[in-house]
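Chemist: Here you go, one structure.
Only the coordinates and a few stated rules stand behind these numbers; no lab work does. Keep in mind that this is a model prediction, so the values were computed, not measured.
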């Protein structure tokens with residue numbers, strides 16, 4: 001198989017794999033809108049964020065993110081707080097319901113991953129882990145250089 005053909009095959013396999021796992025995962029959380037789940041995951045990676053930074057990470061306008069956050073705040077998924085030093089800035093962090101849902105989502109994600117990954121040999125798991133770490137390092141480096149070139 002030529003390299004270009006192999007890359008297309010890997011891309012298709014990864015896309016199908018992520019789609020199937022996402023479909024399975026989403027089935028557990030029908031009562032939590034997908035957009036909420038994604039926002040909760042992003043906030044958890046940063047602990048707290050300014051609304052403007054969250055909007056950038058979501059590739060959405062600050063006003064549409066603000067509307068979404070208002071709904072999420074009413075349902076206790078998130079908490080917004082004014083930054084006492086920068087009064088025009090608002091922090092977003094997980095609310096009580098958001099922490100509970102996120103904890104449950106992490107448990108479900110681990111159960112789904114384990115169900116499939118445990119069918120691989122230790123050797124395959126080790127190779128998969130090494131490749132995943134290499135890819136993460138490449139993506140992180142590319143994103144960092146892209147961010148620096150846009151600054």
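Chemist: Kindly state, as a whole number, the per residue volume in cubic angstrom of the convex hull around the alpha carbon atoms of the stretch 62-116.
Modeler: Values: hull volume 5.8 nm³, N = 55.
Per-residue hull volume (Cα only) is 106 Å³.
Chemist: Follow-up. Using semi-axes √(5λ) of the Cα gyration tensor in Å as the read-out, say which of (i) 33, 22, 14; (ii) 32, 16, 12; (iii) 28, 18, 14 was calculated from these coordinates.
Modeler: It is the one labelled (i).
Chemist: Quote the relative contact order of the chain in percent (integer), defining contacts as alpha-carbon pairs under 8 Å separated by 6+ residues.
Modeler: For the chain, the relative contact order is 18 percent.
Chemist: OK, next. Determine the calculated [θ] at 222 nm for the chain from helices alone, applying -39500 (n - 2.57) to every DSSP H run no shorter than 4 residues and normalising by the residue count; nearest 500 deg cm²/dmol.
Modeler: On the way: 6 runs with 109 residues, N = 151.
Rounded to the nearest 500, the figure is -24500 deg cm²/dmol.
Chemist: Taking 0.36 nm per residue of separation and subtracting the Cα-Cα distance, what length does fully extending residue 148 through residue 80 add? The partial results should precede the final answer.
Modeler: On the way: separation 68, 0.36 × 68 = 24.48 nm, distance 2.91 nm.
Between residue 148 and residue 80, full extension yields an extra 21.6 nm.
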